[in-house]
Amino acid sequence: MRTFPDSVNLKYRKRPFAAGDYRVRATAFINLWQPKDVLIALGGAGGKNLHGKILKATDPDVNDSDHTIDDLETVAFPALSPEARAISAVKGAVLTVQGRGRSVTDVETVIKLMSPQLRPTKGWRARSTGSDSYEVVYDFIMGTDPPDQAVWHVSQKTGEVRYLNTNAKILSWSPGY
């Protein structure tokens, strides 16, 4: 059984979770940082009028304590499809580009760094090209240019990711300024 988050300092996770059961904790404070309509829906600031097993008193010594939501559940994460694994492999790949060297970021971060100029159209998709190989395509628009796409090859057997066209090469590399 895995627990996530694994500490109060939540770590950003770029790769999908492996299949399995995870303990997931949800915590929320019902305070004045919430929009007024949310507080009204929750019965006022502090959630004092709410009841249920996931509500915990912030000051259990008194009968008019504010509440927090605190819930720990077991969640079963299913296995990813081969197509989703291929897309994840491309997004998380840190590639070496001929003539430029190794990228300092993964493909997904390069794409994020190029927005808002680069915008997705159809986004990500993958199709099998063999028993363990996939072609992964990212459809996008750059500025005012017509729609275009970047294409990578993924071998799920070896874990190798390589760019196949110029757009994928561009989206596979970021300098280390």
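What follows draws every value from the coordinates through simple rules; no lab data is involved. The structure displayed is predicted, hence computed values, not measured ones. All Cβ positions, glycine included, derive from the backbone under ideal geometry; neighbour counts span all protein chains shown.
In whole percent, what relative contact order does the stretch 25-140 give with Cα contacts below 8 Å and a gap of six or more residues?
On the way: 143 pairs, mean separation 20.5, N = 116.
Over the stretch 25-140, the number comes to 18 percent.
To the nearest 10 degrees, how steeply does helix 82-91 sit against the main Cα axis of the chain, on a 0 to 90 scale?
Between helix and principal axis, roughly 80 degrees.
Scan around residue 129 for amide H atoms under 5 Å from its own, H built in the peptide plane at 1.01 Å from N, and keep only partners 5 or more places away or cross-chain.
Placed amide hydrogens put 134, 135 under 5 Å from residue 129.
Which of the peptides 71-80, 85-94 is most tightly packed, and how do the rest follow, going by the mean number of other Cβ atoms within 10 Å of each residue? Walk me through the numbers on the way to the answer.
Values: 71-80: 11.3, 85-94: 20.8.
Top to bottom by mean Cβ count within 10 Å: 85-94, 71-80.
At 222 nm, what helix-only mean residue ellipticity would the chain give, in deg cm²/dmol to the nearest 500, using -39500 (n - 2.57) for each DSSP H run of four or more?
My calculation for the chain gives -4000 deg cm²/dmol from helical runs alone.
Below 12 angstrom from the Cβ of residue 84, what's the summed charge of the other residues (Lys, Arg +1; Asp, Glu -1)? Don't jump to the answer; show the numbers that get you there.
On the way: positive: 15, 85, 91, 125; negative: 83.
Net of charged neighbours comes to +3.
So for the pair residue 100, residue 117, with labels modelled 7 Å out along Cα→Cβ, what separation do we get in nm?
It works out to 1.2 nm between the two label points.
5 Å is the cut-off here: which amide hydrogens, built 1.01 Å from N in the peptide plane, fall below it relative to residue 93, excluding neighbours closer than 5 in sequence?
The list, which skips near neighbours in sequence, is 107, 108.
Please give, to one decimal in nm, the separation of the simple spin-label points placed at residue 156 and residue 77, each 7 Å out from Cα toward the Cβ.
My value for the distance between the label points is 1.7 nm.
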